[in-house]
Amino acid sequence: MNKIILGFFIILLIPMASFAEQDVTFTASYQEFAVVSTATGKVSKSDPFISVVLDQYTMRVNKNYKFPVNVLRYKIGIAFQKPNGEWDIARWSDAVDENIVMLPGQTKLIENYKTVIPIDGLLSLKGYWLVLAVETRINGTNGYTYAHSNKGLF
């Protein structure tokens, strides 16, 4: 009888333990972005949030870029693939204001960045991944550059 009860509790705990904490790596698939981000850290789920802790995060201005880049802010979102093949963001974390000017080839290290992303109302996170977005202003025009975690993180 004790083995049956123990087995039952183990079965209940497996889903909770399987998402206790996972490593996450963000990379930019397009190296010609004005700002290329790379980051490593941990992600964990605790309803109604996903917590992301980046132990190291670098943003680097492309050395071949012709203009200084004003890095306005950065944030992390939960991405999904739409039926037409494009990707979109289901939810964002709060943005962190940076507002610094970086020159071509310059790198900035950001340590110990922590954020949460609300997931209430999302029935399943299967097939989602994380996106690190950096908002920039270059020559008076605002835009975004992105780095992605692996798909199927959740």
Size of region 21-148 as Cα extents on the principal axes (Å, biggest first) = 45, 35, 21
How many lysine pairs in the chain, separated by 8 or more positions in sequence or lying on different chains, have Cα atoms less than 22 Å apart?
-> 19
Pairing the Cα long axis of helix 2-17 with the longest principal axis of the chain, what angle in degrees results, from 0 to 90 and rounded to the nearest 10?
-> 10 degrees
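Any read-out appearing in this document is the output of simple, stated calculations on the displayed coordinates, not a laboratory observation. Being a predicted model, the structure only gives us computed values, none of them experimental.
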